[in-house]
């Protein structure tokens, strides 16, 4: 299993590629088909935010192991405008672009661990983890 895989994100096609790479890694780690779909959906939401708000960034995928348990780590990074109020952005229905406002909070609900680090003018890093049950 590769230590990590980087997927540049600049377009809709890159979102599809990141989803596929995430699904493939999740399968190698041992996730069920259902969990592979959940992981791919979370990747989609976060990658779409990169394209919409920052225009470009990257998704970094990695297999995890802790206390004999496997998992997957997904980090999304960009140098975009950043998020002024992360707590507000994590509220269902909040959007600055007339979307449904479910991207960040939706991805958080799908994953076991979720963190957003962002500041205006500094870009955003979202780190998500899913563990095998």
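The values are calculated or read from the model by the stated rules, or taken from the named source; none is laboratory data. Just so we're clear, the structure is a prediction, and the values are computed from it rather than from any experiment. Using ideal geometry, Cβ is built from the backbone for each residue, glycine included, and neighbour counts are taken over all protein chains shown.
At a glance:
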| item | result |
| --- | --- |
| Filter result for the condition that a residue is within 17 Å of residue 15 (Cα to Cα) and either outside any helix (DSSP H, G or I) or modelled with pLDDT of 90 or more (or both), over 60, 116 | 60 |
| Any hit, the stretch 125-132, residues being in contact with a helix residue (DSSP H, G or I) (Cβ under 9 Å, 6 or more places away or on another chain), closer than 16 Å to residue 47 by Cα and at pLDDT 90 or above | yes |
| Selection count where residues are assigned to a helix (DSSP H, G or I) and out of contact with any strand residue (DSSP E or B) (no Cβ under 7 Å at 6 or more places or on another chain), scope the stretch 2-14 | 2 |
| When residues of the stretch 96-109 are limited to those that are surrounded by 13 or more Cβ atoms within 10 Å (Cβ to Cβ) and over 10 Å from the mean Cα position of the chain (by Cα), the one modelled with the lowest pLDDT | 101 |
| The listed residue being surrounded by fewer than 15 Cβ atoms within 10 Å (Cβ to Cβ) and either touching a residue at least 40 places away in the same chain (Cβ under 8 Å) or in contact with a strand residue (DSSP E or B) (Cβ under 9 Å, 6 or more places away or on another chain) (or both), out of 65, 45, 58 | 65 |
